[in-house]
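The values are calculated or read from the model by the stated rules, or taken from the named source; none is laboratory data. Just so you know, these numbers come straight off a predicted model, no measurement behind them. Don't worry about glycine lacking a Cβ; one is built from the backbone with ideal geometry, like all the others, and counts go over all protein chains shown. Remember, those area values only see protein heavy atoms, side chains included, never the ligands or the DNA or RNA. Shrake-Rupley method; radii C 1.70, N 1.55, O 1.52, S 1.80 Å.
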Amino acid sequence: MYTITAASALAENVYEAWISAPHVSRHAEAGQFLVLRIDETGERIPLTISGVDGDLVRIIFMTVGTTTRKLAALKKGDTILDVVGPLGQPTEVKRYGTCVLVGGGVGIACLPIIAKALKTAGNTVIGIIGARNKDLLILEDEMQSVCDELIITTDDGSYGIKGFAAGPLKEICETRPPDAVWVIGPAIMMKVTSGVTKPFGIRTFVSLNPIMVDGTGMCGSCRVVVGGETRFACVDGPEFDAHEVNFDLLMSRQRFYTDEEKESAAHHTGGCGCGGHH
Amino acid sequence: MSDRPADLRVHDFEEVDSGIPAEEAIAEAARCLQCKKPACVDGCPVGIDIPGFIRCIEDGDFRSAIGIIKESNMLPAVCGRVCPQEVQCEGECILGVKDKPIAIGSLERFLADWERENGIEIPELAEKRSERIAVVGSGPAGLTAAAELARNGFSVTIFEAFHEPGGVLTYGIPEFRLPKEVVQAEISEVKRLGVEIRTNYLVGRSLPVEELLSYDAIILATGAGLPAFMGIPGENQIGVYSANEFLTRVNLLHADAFPHHDTPVKKGRSVVVIGGGNVAMDAARVAKRMGADVTLVYRRRREDMPARLVEAHHAEEEGIRFLCCTNPTRILGEGTVTGVEVVSMDMCELDDSGRPSAKPIPGSEYIIPADVVIEAIGQSPNPLLIRMIEGLVREKKGNLLVDESGKTTVPKIYAAGDVATGAATVILAMGAAKTAADAVCRMLTEE
């Protein structure tokens, strides 16, 4: 049993929780994830480790399915049955020079821990964080404190620069090309945004988030195609060379259980899950 | 053996074979010739005194009988159910030449089940010692090694990456072949010997290698968990599973009870399973129980299947269609599986394994409609931890290089089970684990 020591809402449908899990927190490095199972009937889901403090690990998640909804309902003092980690290969941290970290939506959650590690390794770190609107933007203060420069975008222009994060990224590539770029967010955002750096030949990483079960390389649920080869995101990744990733396959496989997700939602909320369309 | 009728059992996950009653066990035991040089013992990878325990059954002394088994085997309820007895003890039984061999597996299982109902006696432990031993993995090899070492007085910790111990006994072998209650009972027995089991611990990550190396001895029993894929077009589509994933979702996470349990699985209307081993049979029979029409595709002949005879027999009884001498060439669909293209195979000269090698017959391709495809074509050792420990040598198929005692190329690290042999049977893993535990014991006591 792993105790939640703090839990709060960061934005609409986006939540933060700190969990006491020393076996994970003490060895976690930037870019790694954990797998948790809330209770006896729960499923195992992977979540990025978005912060570490002594024996505590932080997760930030959006409510998209049954497990994240259950997770969002947990409060300080509640427990999670199983937490395993840290999993996956850590971010390749070294001295690149200037690094740009781009986060979209809840993907921003992955950035501070990577930014800190890159900063410590002697890099200049520029952050670009984007959200649909001002209310959905998370971790601005934290990113401000770990980045040398922070650019904010919102799709509707309610805060920062209007438009997608790809805009300022392109401008940076044109005016002062960085040495390495990370793009983390929804698959479609990673596909589009990492496309920006390709013509400039800038090394770009994405953190892939396919469906997983064990997270230790034994089921193959998380297989992705990178550079034409099938890889397991849980042990070979989650970070890969953005310009080699087959994002369309990733997006297709993320929809593996669309029907079942509706059925599960209906089961847990008591409705039929159709939103009244019967 | 007393199997529940096939038409009944395909609708549930309860055990297929409901075991034999005491009278039947005693009658079966009475058939034993009590050979002076018992060939059955030679056929047993852990060397159980088989005539010894059979004599006790004949006398009605079940307590002594199970005691004899447990001198050599801590998991009799498991082995009685999943060992390929036909190629081990029973295959060597002299009675088998003219008649049926003694049903040694059924007798072993009978005793283990009898003991579970009548109270398990914990063997005497040696005096407590100060040395700490780490066992990585809680499958049959890990449990066996841990039990042996605990009996010898060592302080033993098992590290398990999953949330439940048991390894393949828990995530791989389905309930109807090996009830989880039986597995849990045998695991609790290992715990009662003083073994600590830490779940949710991925060694190399949750326990860094430096900390692992601080133990006085280490036994790697991480199994063969890395699933192989065929590498044919279309296999990353929705609806294609490794058998590992499909079975883990159902056996460990109860996806058969979705949405009451949160883990989903595609149950499929028409399921194609690729492979001819026990894992393929398990996957096919699980799919059948969830309501699918199941076809099993195997590239060689029926008689070449590596599965236990009884599993293939049970699968056929349950209505699984076997397509032998048939091999998939690609998986069809536009993102989601719609079928499998297969080709007929011609059997040629024998290969290294003594089985005929199979060659595709050009132009014989045809399509089997399917909405779920499960690949059960083998597993190899998970390289994750092995790569992190400097000095370990891996062989061609990723197996760890060990000597006859299970010693690896790194001092005080031993390996046992599938990680050293490649995917094999529960009992071979246990045999190797006993050997490695004995070697560790000698290393630590003779220093």
Taking the Cα-to-Cβ direction at A:I161 and at B:A39 and moving 7 Å from each Cα, how far apart do the two end points lie in nm? 8.2
So the label point goes 7 Å from the Cα of B:A424 along Cα→C-beta, right? Which residues of region B:118-156 then have their backbone N under 12 Å from it? B:141
B:T435: net charge of surrounding residues, Cβ under 14 Å, Lys/Arg +1, Asp/Glu -1, itself excluded? -1
Contour minus Cα-Cα distance for A:E40 and A:K94 (0.36 nm per residue): 15.3 nm
Shielding score for B:155-163, defined as the mean number of other chain Cβ atoms within 10 Å: 3
Please work out the Cα convex hull volume for the protein assembly as shown and give it in Å³ per residue. 181
Hydrodynamic calc, region B:125-274: Kirkwood Rh from Cα pairs, then Stokes-Einstein at 10 °C with viscosity 1.306 mPa s, so D in µm² s⁻¹ is 93
Once you put a point 7 Å from the Cα of A:A121 and another 7 Å from the Cα of B:R321, both along the Cβ direction, what distance in nm separates them? 5.4
Could you pull out every residue, at least 5 positions away or on a different chain, whose amide H is within less than 5 Å of the one on B:L332? Hs are placed 1.01 Å off N in the peptide plane, and Pro or chain starts have none. B:T338, B:G339, B:V340, B:E341
From the Cα gyration tensor of chain A, with a ≥ b ≥ c the square roots of its eigenvalues, which class applies: rounded if a/c is under 1.5, or else prolate if a/b is larger than b/c, or else oblate? rounded
Rounded to a whole number, the mean other protein chain Cβ count within 10 angstrom for residues of A:39-46 is 5
Only helices counted: for chain A, with every DSSP H run of 4 or more residues adding -39500 (n - 2.57) and the sum spread over all residues, [θ] at 222 nm is -7000 deg cm²/dmol
Would you please name the GluC sites (Glu not before Pro) within region B:365-427 that are DSSP coil residues with at most 12 other C-beta atoms within 10 Å of their C-beta? B:E390, B:E395, B:E404
To the nearest 20 Debye, how big is the dipole of the protein assembly as shown about its Cα centre, given +1 on the beta carbon of each Lys and Arg and -1 on that of each Asp and Glu? 1280
Using a 1.4 angstrom probe, figure out how much accessible area region A:2-87 has per residue, in square angstrom, rounded to the nearest whole. 36
Given a 1.4 angstrom probe, I'd like the percentage of the accessible area of region B:6-118 that is carbon and sulfur, rounded to a whole number. 52
For B:R31 and B:E117, what is the calculated FRET efficiency with R₀ set at 22 Å and r taken between the beta-carbons, to the nearest 0.05? 0.35
With -39,500 (n - 2.57) per DSSP H segment of 4 or more residues and division by the full residue count of chain B, the 222 nm estimate, nearest 500 deg cm²/dmol, is -9500 deg cm²/dmol
If all Cα-Cα distances of chain B are sorted into 10 Å bins from 0 onward, what percent lands in each bin, rounded to whole numbers? 4, 20, 29, 27, 16, 4, 0
Roll a 1.4 Å probe over the protein heavy atoms and report the accessible area of B:K434 in Å², nearest 10. 40
Loop only by DSSP, 11 or fewer other Cβ within 10 Å of the Cβ. Give me the GluC sites (Glu not before Pro) in region A:12-97 that pass, ordered by residue number. A:E12, A:E40
Need one word for region B:119-182: rounded, prolate or oblate. Basis is the Cα gyration tensor (sqrt eigenvalues a ≥ b ≥ c); a/c below 1.5 gives rounded, then a/b vs b/c decides. oblate
Which FRET efficiency, nearest 0.05, do B:L350 and A:R255 yield, Cβ-Cβ r, R0 30 Å? 0.05
Over its alpha-carbon atoms, region B:277-371 yields an Rg and a Dmax in Å of 14.0, 39
In Å², rounded to the nearest 100, what is the total accessible surface buried by chains A and B against each other with a 1.4 Å probe? 3600
Violations at 28 Å Cα threshold for listed pairs B:K288/B:K359; A:K75/B:K180; A:K75/A:K262 -> B:K288/B:K359; A:K75/B:K180
The extension gain from B:K412 to B:S214, computed as 0.36 nm times the residue separation minus the Cα-Cα distance, is 70.2 nm
Inter-chain shielding metric for A:28-37, i.e. average beta-carbon neighbours from other chains within 10 angstrom, reads 2
What is the ratio of the Cα radius of gyration of region B:219-258 to 2.2 N^0.38 Å, with N the residue count, to two decimals? 1.46
Computed over the Cα atoms of region A:6-126, what is the convex hull's projected area averaged over all directions, in nm²? 7.4
Debye log10 I(q)/I(0) at q = 0.09, 0.11, 0.18 Å⁻¹ for region A:98-254, Cα point scatterers: -0.28, -0.41, -1.07
Debye log10 I(q)/I(0) at q = 0.14, 0.15 Å⁻¹ for region B:6-118, Cα point scatterers: -0.53, -0.61
Report the calculated FRET efficiency for A:L81 and A:S8 (r = Cβ-Cβ distance, R0 = 35 Å), to the nearest 0.05. 0.95
Selection of trypsin sites (Lys or Arg not before Pro), region B:241-330, meeting DSSP coil and at most 14 other Cβ within 10 Å: B:R269
Considering only C-alpha atoms, what is the centroid distance from region B:375-447 to region A:116-166, in Å? 48
In nanometres, what is the gap between the two model label sites at A:A72 and B:T445, each 7 Å from Cα along Cα-to-Cβ? 6.0
